[in-house]
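The values are calculated or read from the model by the stated rules, or taken from the named source; none is laboratory data. None of the values given here were measured: they were computed from a predicted structure. So basically every Cβ, Gly included, is an ideal-geometry build from the backbone, and we count neighbours across all protein chains shown. Accessible surface areas use protein heavy atoms only, side chains included; no ligands, DNA or RNA. Shrake-Rupley method; radii C 1.70, N 1.55, O 1.52, S 1.80 Å.
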Amino acid sequence: MATTTTPPQVPKKTNRIGLDSSAYKGNRSTLCAGCGHNAISERIIEAFYEMGVEPHRVAKLSGIGCSSKSPAYFLGLSYACNAVHGRMPSIATGTMLANRNLIALGVSGDGDTASIGIGQFVHLMRRNLPMIYIIEDNGVYGLTKGQFSATADLGSKLKSGVLNDLPPIDTCALAIQLGATYVARSFSGDKRQLLVLLKGAVAHQGTAMLDVISPCTTFNDHEGSTKSYSFVKDHDEPLQDVSFVPFFEDITVDYDPGATVEVTMHDGSRLLLRKLGMDYDPTSKAEAVRLLTEAHTKGEIVTGLFYVDTKAPNFLQLLNVVDEPLATLPESRVRPPQRVLDEIMEELK
Ligand SMILES: Cc1ncc(C[n+]2csc(CCOP(=O)(O)OP(=O)(O)O)c2C)c(N)n1
Ligand code: SF4
Ligand SMILES: [Mg+2]
């Protein structure tokens, strides 16, 4: 009689908290094949897996758009709120005020952020709320069939031949000027750079704003578009070669301090920014804004970490928010005693 042998079980690879990568995945994507947003979802899965973040500590927040749908496709064990178009910042602010132990991960689109949501975006950036804010930037309103968004470049062309005659809003320059403390631009097709910048964002304790150019294969990947795969590949000018050493890996790295800038993040992780060509100081707001202005003039797409400040107080520190989730506080800690109420009434007399 023939005997059957069962193949030996290969144990699944796990991260530092014992979870395998399936714990960081979500539903199967319903976005178009080749959409840049799918590649960003994959990098988010990798970053949170490799950082060993507990999925139940993450709150995924988004607005409306193909980009804003994408949180359904990663971190399926995390909390999630798909907000109203352009209103994700308010929901994120409330979430973090209610429980500062969460890690807020916002995913928005260029339309969601730079058009209908611009008012909410600017106030979020000036508050330096601890959160990761990703703009999946394709220069169009993908979900509503490809109209220009406010990040579309002057002179870029729609599939129908219509030319864009308005200048773009640079969300990175805006975020830096307003007060965000970790600001970067990347490309959905640059797996390595995007993964490192995402890990740095997880380690940061203020607003980490990542504008990720993410081509829309259906409506904005043709000749004449400045957000197509081929245009971005041809015009991408990486500012630095970025690498990341997480706090839980006690690794010493040899580098030439003249050519590499080391940034220590809030949790002790380190970002190593090896200069590529020009001298650049990522702690100078003025330099960052100048760099972005010059890049626009030259028609270059500069990617990398533009600005970082690990010292500025964040919104929760400014407000002195308690450590515990507000919902767990007993009445004795949330209700002022009668004596305090009486004093207030006296002052108002
Ligand atoms: C209040 C409101 N106005 C308009 C719309 C229609 N709408 C849905 S998504 C969208 C734009 C999405 O563009 P973007 O944020 O760039 O996301 P993408 O689909 O390109 O990823 C618009 C205008 C809406 N859903 N709600
Ligand atoms: S329409 Fe564009 S943005 Fe939306 S899923 Fe398709 S390729 Fe992506
Ligand atoms: Mg868009």
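Some notes on this structure:
- Using the Cβ-Cβ distance between Leu318 and Thr260 with R0 = 41 Å, the FRET efficiency computed as 1/(1 + (r/R0)^6) comes to roughly 0.80.
- When you filter the chymotrypsin sites (Phe, Trp or Tyr not before Pro) in segment 252-349 for DSSP loop state and at most 15 other Cβ atoms inside 10 Å of their Cβ, you are left with Tyr255.
- Per residue accessible area of the chain, 1.4 Å probe, in Å²: 49
- Entry note, the chain: the mean residue ellipticity at 222 nm calculated from DSSP H runs of n ≥ 4, each adding -39500 (n - 2.57), is -8500 deg cm²/dmol after division by the residues and rounding to the nearest 500.
- Shape category assigned to the chain from the gyration tensor of Cα positions, a/c cut at 1.5: rounded
- Charged neighbours of Gly26, selected by a Cβ distance under 12 Å, balance to +3 (K, R count +1; D, E count -1).
- Of the solvent-accessible surface of segment 39-146, computed with a 1.4 Å probe and all protein chains present, 57% belongs to carbon and sulfur.
- Antiparallel DSSP beta bridges within the chain, as percent of all bridges there, nearest 5: 40
- Alpha carbon Rg of segment 204-349, scaled by the compact-globule rule 2.2 N^0.38 Å: 1.61
- Legend: distances between Cα atoms for Lys145/Lys298; Lys227/Lys298; Lys191/Lys227; Lys199/Lys227; Lys233/Lys298; Lys12/Lys199; pairs beyond 20 Å are Lys145/Lys298; Lys199/Lys227; Lys12/Lys199.
- Inter-centroid distance (Cα atoms) of segment 43-115 relative to segment 240-296, Å: 26
- When all protein chains stay in place and ligands, DNA and RNA are ignored, the 1.4 Å accessible-area order of Glu331, Glu262, largest first, is Glu331, Glu262.
- Carbon plus sulfur fraction of accessible area for segment 218-279, probe 1.4 Å, in percent: 49
- Taking a sphere under 11 Å around the Cβ of His235 and counting the other residues whose Cβ falls inside, with K and R at +1 and D and E at -1, yields a net charge of -2.
- Solvent exposure, largest accessible area first (probe 1.4 Å, DNA, RNA and ligands not counted), of His266, His222: His266, His222
- Taking the average, over residues, of other Cβ atoms within 10 Å as the packing measure, peptides 287-298, 91-102, 126-137, 332-343 rank 126-137, 91-102, 287-298, 332-343 from highest down.
- For segment 1-46: rounded, prolate or oblate by the Cα gyration tensor [a/c cutoff 1.5]: oblate
- Virtual spin-label span in nm between Thr328 and Lys285, 7 Å along Cα→Cβ: 3.6
- FRET efficiency, Asn101 to Lys191 (Cβ-Cβ, R0 25 Å, nearest 0.05): 0.25
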